[in-house]
Amino acid sequence: MPLGVDEAGKGPALGSMFAAAVYCSDPDALPAGIADSKRLEPARREELAEQLRADER
């Protein structure tokens, strides 16, 4: 039962803060290499983002 949580921003004192949590019931449905987006090359990160946004599940 994979669960991912991430945050971005500077917080309430310095600017906007965003947080997200994602649950995936079928880990085999995730694209290869998506476990840690910070380790991905920017082009691969964008490719995976497009792929995830296009998936209507």
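For the range 17-57, what are the residues that are hydrophobic (A, V, I, L, M, F, W, C) and over 12 Å from the mean Cα position of the chain (by Cα)? Break it down stepwise before answering.
Step one: of the range 17-57, the residues hydrophobic (A, V, I, L, M, F, W, C) are 17-22, 24, 29-30, 32, 34-35, 40, 43, 48-49, 52, 54.
Selection gives 17, 18, 29, 32, 43, 54.
Among the numbered conditions (1) out of contact with any Ser or Thr (no Cβ under 9 Å at 6 or more places or on another chain); (2) open to solvent by less than 70 Å² (accessible area, probe 1.4 Å); (3) free of Cβ contacts under 8 Å to residues at least 12 places away in the same chain, the only one that residue 9 does not meet is (1). Of all residues in the range 37-57, those that are surrounded by 13 or more Cβ atoms within 10 Å (Cβ to Cβ) have Cβ atoms under 6 Å from Cβ atoms of residues that are at pLDDT below 85 and not small (Gly, Ala, Ser), 6 or more apart or on another chain, in 37/45; 48/31; 48/34. In the range 1-54, of all residues being in contact with a Phe, Trp or Tyr (Cβ under 8 Å, 6 or more places away or on another chain) and part of a loop (DSSP other than H, G, I, E, B), the one that is modelled with the highest pLDDT corresponds to 2. For the range 12-36, give me each residue that is open to solvent by 100 Å² or more (accessible area, probe 1.4 Å) and either touching a Pro at 6+ places or on another chain (Cβ under 6 Å) or not hydroxyl-bearing (Ser, Thr, Tyr) (or both). Residues satisfying the conditions are 12, 14, 18, 28, 35.
The values are calculated or read from the model by the stated rules, or taken from the named source; none is laboratory data. This is a predicted model, so every value here is computed, not measured. Note: ideal-geometry Cβ built from the backbone for every residue, glycine included; neighbour counts use all protein chains shown. These area figures cover heavy atoms from the full protein model, side chains too; ligands, DNA and RNA do not enter into them. Shrake-Rupley method; radii C 1.70, N 1.55, O 1.52, S 1.80 Å.
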